[in-house]
1. Using the charge dipole of chain A (Lys, Arg: +1 at Cβ; Asp, Glu: -1 at Cβ; taken about the Cα centre), state which of A:Val123, A:Gly324, A:Ala201 has its Cα farthest towards the positive end.
2. Nearest 10 degrees is fine. How inclined is helix B:327-344 to the longest principal axis of chain B, computing both from alpha carbons?
3. Given a Förster distance of 30 Å, report the FRET efficiency between B:Ala25 and A:Tyr318 from their Cβ-Cβ distance, rounded to the nearest 0.05.
4. What residues have an amide H closer than 5 Å to that of A:Leu132, excluding those fewer than 5 places away on the same chain, when H is modeled at 1.01 Å from N in the peptide plane?
5. Compute, for the stretch A:199-307, the length of the dipole vector about the Cα centre, with Cβ point charges of +1 (Lys, Arg) and -1 (Asp, Glu) only. Units Debye, rounded to 20.
6. Length gain on complete extension for the stretch B:Asp222 to B:Arg99, per 0.36 nm per residue less the alpha carbon to alpha carbon distance?
7. Would you list which lysines come within 30 Å of B:Lys94, measuring only between C-alpha atoms, while excluding same-chain residues fewer than 8 positions from it?
8. What average number of partner chain Cβ atoms lie no more than 10 Å from the Cβ of the residues making up B:403-415?
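Nothing in this text is a laboratory measurement; each read-out follows from the coordinates by a stated rule. As the structure is a computational prediction, the values presented were derived from the model and not from experiment. All Cβ positions, even for glycine, are placed from backbone atoms using ideal geometry, and neighbour counts span all protein chains on display.
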Amino acid sequence: MKVTRASDVVVGDWPTSPEVVALIEGAGASLAWDVLADTAVPAARVHDPERAAEWLWEVYGDAAEAVLGGASEVEVPADGDWRVRDACRRAAQLEWARAWWPASVTAGVPALDPVVLHVERAVALSTVEHLLDDPDAVERALASVVSLAVPTSDPELDALAGRIAALAEDYGVELRPAEAPTRSGFALAAGGVDAAGGVTALSGASTVDWTLVPHGVVDASAPARWAVVRRQGRTVLEVSVVPGPTPGPRLAARFGDVEVALDGVDAAGWLIGSSPVSAAVLLLPPDRRVLTVYAPGFAEPAAPDPDAGPRRAAIISYARSRIGSPTATTTERTAR
Amino acid sequence: MSTVRAATLPRGALVARAWAGLGAAVAPLSNAAGRPLTRTVKLILDPLVLRPVLNPEFASGAVAAEHADALTSRIADAGPVLAATASWFTVLKKERRRRWITDGNPQDLYFQRCFELATGHGEPGPDAADVAAAVLEEVHGRAGPTVAALRDFVTDPANAAELTRLLDTAWDAPRPPAPALPAPALPATAPFLATCAVTPDRALFAALVAGSAGSAGAADLDRPGVALAHGLTSRDRPVRPELGRGASKANLPRPFDRSIVERLFAPLTNAFQREGLADVPTLVRREITRSAGPWQLADEESRLVVVLGRDASADLAGPPVGGPGSAAARLRSRWEREAYVHRVLRMPSAAPPEVRADVRGVREAYLRRLWVRLHGRELRHDTVTSDQVWDVLDGVLRSVILDQRDRLRSVLEREAVA
């Protein structure tokens, strides 16, 4: 692996796009895996060599010394005791899933159970607690854990439930009691803009940029649809988007200069909104007929990343491959 | 190990190897990866076994190869005591569960007690349950100061008048005159901050303490808007605090606006912090004196650390002033890293209005948190040493940043429910 040195020491190729990064914040250095690359050895960004030296050998073995000693190329041995590195990978994978798991009815990616996610995340972080930047990371993680109701139909989940109870006791944290499952069903895939009582003059669809909405609020793969409808002599822009598994803040959409609040829900459960527009909207050139869905207060509408499409398709098919996979985390494996 | 023998070895690797040699007996002090828990290192291995203060060759970081065997055999020699410590921890946890005690973090509260028990009694014997019960009684039933005792003391009419008079006297006393020197003539913190993260200069720190750099740095605080700009008060200038009656943890005012009761409230509600506190009347009288001192702190060391924190955090969001490796440059790098971590964790890029002030006011939040930490340490007589300055300065920023993440998440969740 190559080692580059600027203000930080960077080992390997740090993944470029945030949505593929499985990150762990260690003391003095962060580790990142590219979830699409499937490599065991992470890239690292070392900002405090003295602190990082305490544990970097768990990740790079003997090569850690060369990394910190000034080498520009290191060979990470294949053989070794990599249990801690693998445990870091699991914790990082869960951080990734928490932020980017692309739940989508249309793409067939089921939602993660947030209860399982938080439990497994706290257990994973406790396994590598000794190298984390935050000395209180386990307590912090336990604060968002809700007890797992046992027994479940899955022995791995039962084992997790036992471990989280012991962990909470070791740290003196009282877990919130298990709640009745609140996960609502997904919206039906059929629904959306419906020009009932009007004449659709123009319509189209755009993908939703993941970075503009919180995790799980919008179906990761379904397009947002828009239509310019003439009704009773007025022109109206109607917008609809397929919600994801997690309720979120109010969404809005921007089309040209028109701002539409998505404050309604249609019969199929889609989030909808409409706004009167001047007929001039019909004269917008095709390249400006772009619908941008965003969550005000979370992100400002921005021009989409042109490479995002193929990358997100790859993330969706990666997520599909994790369900039921023995190498995946319990959280991913049991998504449904 | 590789065949090329390195001149130094990471201490973490040596500790991990020695620890692994102790086997399953120390599992209760280990994490699932078999490494000692963070608090095992902080509360047991460092202060009680390796003792780097007495054995600087065992300090964290790189250990010279010639000391490697000494370090590992020190841990191996402590094996029986550590195994007994682990057994006692299990016994104490069991007794804690039996008594439905949920207060505090058992590692914080019991680790050092367990080591004492292991040293004195060896492995738990037939009387283990009784011994454990006595320890829990002592830790949790401590007759020490409590919030209730504090409230009773200050609201007792027999004391209230005297305490108010004490407050008046302390605040009416003429302040030490502000140094008439122009700012550049104040003792400079920059040389100490330049290296404190890696090689803290004890002599420089001592000179800054002796020169009252901390107190001198507080001279401006009485000028309109200065303490406000530091985030330490919501007023234009600090006023004499009230004695106070009650407090709520969720809604504490800014440090200088807190009543005497509010200042003592948080330390008294934390079982771990309560250990070693003075009795209530002493705590209150000292707090009154403290509130009238420079930075409203009592020790010159704490005052100096506030000034160091103020100087090191000055360029979090402005143009960089500290050289590479300086405390200022390192704090800034942590702060800049956070923007990237936000994107990776899919945190809001446009802050919701209720959090926006916090994000913009990171330096004020930083100085507030720093003050609270130093105040708590004063109460526990845990004076910051030159070696600890960087951990305090850096730890406070980390804690401000992580709390901000938690707040952003909970705002998102609240909006979702609404």
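1. Final value for the positive-end residue is A:Ala201.
2. Computed tilt is about 80 degrees.
3. 0.10
4. Here the answer is A:Ala27, since their amide H atoms fall under 5 Å of that of A:Leu132.
5. 480 debye
6. On the way: separation 123, 0.36 × 123 = 44.28 nm, distance 5.10 nm.
Computed gain between B:Asp222 and B:Arg99 is 39.2 nm.
7. In chain and number order, the partners are B:Lys42.
8. Other-chain Cβ atoms within 10 Å of each residue's Cβ, averaged: 3.
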